[in-house]
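Heads up, the thing below is written out as structure tokens.
Derivation of every value follows stated rules applied to the coordinates shown; laboratory data play no part. All figures in this text were calculated on a predicted structure; none of them were measured in a lab. Neighbour counts run over all protein chains shown; Cβ positions are idealised from the backbone, glycine included.
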Ligand code: SF4
């Protein structure tokens with residue numbers, strides 16, 4: 001048996017009641033940002049929210065997840081697709097990577113098609129920087145619709 005990849009997931013507090021349905025399904029199916037783990041075993045070692053703007057829990061939970069062995073922390077897709085997307089996402093990624101030496105990935109499950117449609121109308125993701133930010137979770141149309 002190969003090594004087990006240990007991951008943590010931090011969700012946007014707007015979705016604090018979420019039980020992780022889409023994230024866990026995508027992790028199980030190796031879809032969205034979990035495609036990179038195809039053929040690998042994955043273990044979830046932490047799942048929590050940022051604690052609300054401006055993300056007071058990022059520091060604590062990052063430390064806790066890394067102590068639990070997390071090699072990768074995923075900032076959940078909700079941070080990218082919320083209205084508006086999280087304004088602190090770049091800071092969270094920089095901080096977690098520099099402070100704890102952990103890899104940070106933007107996104108978890110594929111973007112639901114309805115969010116792509118709405119953000120396309122709003123022009124939210126028109127700036128070129130969004131292409132790389134959304135790369136892990138854009139998926140194909142059928143997959144996006146399956147996550148609506
Ligand atoms: S927008 Fe960002 S800081 Fe605010 S609750 Fe969501 S993830 Fe946390």
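Once fully extended, how much extra length lies between residue 114 and residue 24, figured as 0.36 nm per residue of separation less the alpha-carbon to alpha-carbon distance?
Using 0.36 nm per residue and subtracting the Cα-Cα distance, I get 30.4 nm.
Rounded to the nearest 0.05, what FRET efficiency is calculated for residue 40 and residue 129 with R0 set to 25 Å and r the Cβ-Cβ distance?
0.30
State the extension gain, in nm to one decimal, for the chain segment bounded by residue 94 and residue 141, taking 0.36 nm per residue of separation less the distance between their alpha-carbons.
13.9 nm
Out of all DSSP beta bridges in the chain, what portion is antiparallel? Express it as a percent rounded to 5.
0 percent
If you average the C-alpha positions of region 1-57 and of region 100-116 separately, how far apart do those two centres end up, in angstrom?
When both Cα centres are located, 9 Å separates them.
When Rg is the radius of gyration of the Cα atoms in region 4-146 and Rh is its Kirkwood radius, what does Rg/Rh come to?
That ratio is 0.94, to two decimals.
May I ask you to derive the relative contact order of the chain, considering only C-alpha pairs under 8 Å and at least 6 residues apart, and to give it as an integer percent?
It comes to 28 percent, rounded to a whole number.
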